[in-house]
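Right, one structure below, let's go through it.
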Amino acid sequence: ELARRGIEVERPARPVTIHTLTLLNFDPSTREATIDCACSKGTYIRSLCDDLARALGTSAVMTALRRTEAAGFTLGDCLTLDRARALAEEGTLAARLIPTETLFSGYAAVIVTEKQARRFANGGALELTRLHQPVAGTVRVYAPDRRFLGLGVPADGSLTVGRLFP
C-alpha cells in the first residue's frame, strides 16, 4: 500500500533463498517480463525485481504478483469462492477440504493417551517422560482415535500447547 503511494520503506536485509528463477516471457517492445520464482519465505518479490533491474543497469516496476504455491499447496489445490459455494450447494464441499493438520505434515506426530488428550485439549502440559515416544521440537499431537488436537512444543521437561485446533 505504501509503495503504491510512492512511499519507500526501508526493509532490513535478510538472507533468503531463490531456488529457481525462470524468465517465462519478455516483450522487447514494451520491455515487460514475466518471471517464475520459487523462493524461501520472507522473500520480497518487489525487492527481487528491483535487484534484478539494478544488476541489468536499469529500473523496474512490479505490476502483478501471483502466488502459485505456498506451504506445499499449489493453485491446483485451491478453490475459488464461487466454486466452493457451488460445491457446498451440491453437498460435496467436504470431500474437497484438506485436513488442518496437513499444513503441519513436516512435524513429527505424537499419539497420546485419552487422559493426556483431554489434558492437552484443555491447555495442560504433558510430562515428556510419560509420553510413549521421544519428542524433539514442535510435534503434531493426536488423541488415540487419531483426532488431531494441535501442536505441542517441548519446554522444561513438558510438552506444552503450541496451538490447539478444536
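For the reader, a short list of remarks on this structure follows.
- Qualifying residue in region 57-73 (condition: among the hydroxyl-bearing types (Ser, Thr, Tyr), surrounded by 10 or more Cβ atoms within 10 Å (Cβ to Cβ) and closer than 24 Å to Gly106 by Cα): yes
- Only listed residue being under 20 Å from the mean Cα position of the chain (by Cα), β-branched (Val, Ile, Thr) and under 22 Å from Arg67 (Cα atoms), chosen from Thr43, Thr34, Thr22: Thr43
- Any hit, region 59-66, residues being hydroxyl-bearing (Ser, Thr, Tyr) and more than 13 Å from Ala33 (Cα to Cα): no
- Scanning region 76-102 for residues that are hydroxyl-bearing (Ser, Thr, Tyr) and farther than 24 Å from Leu164 by Cα yields Thr80, Thr92.
- If you check Thr58, Thr68 for being in contact with a strand residue (DSSP E or B) (Cβ under 7 Å, 6 or more places away or on another chain) and under 30 Å from Ala3 (Cα atoms), only one passes: Thr68.
- Candidates Gly123, Gly162 - the one that is open to solvent by 20 Å² or more (accessible area, probe 1.4 Å) and either of a type in the set (A, V, I, L, M) or in a loop (DSSP other than H, G, I, E, B) (or both): Gly123
- Residue that is out of contact with any Lys or Arg (no Cβ under 8 Å at 6 or more places or on another chain) and outside any helix (DSSP H, G or I), where the choices are Ala53, Ala13: Ala13
- Residue match in region 43-51 (condition: in contact (Cβ under 8 Å) with a residue 12 or more places away in the chain, of a type outside the set (Ser, Thr, Tyr) and open to solvent by 100 Å² or more (accessible area, probe 1.4 Å)): yes
The values are calculated or read from the model by the stated rules, or taken from the named source; none is laboratory data. Since the structure is predicted, the reported quantities are computational estimates derived from the model, not experimental observations. Note: ideal-geometry Cβ built from the backbone for every residue, glycine included; neighbour counts use all protein chains shown. Accessible surface areas use protein heavy atoms only, side chains included; no ligands, DNA or RNA. Shrake-Rupley method; radii C 1.70, N 1.55, O 1.52, S 1.80 Å.
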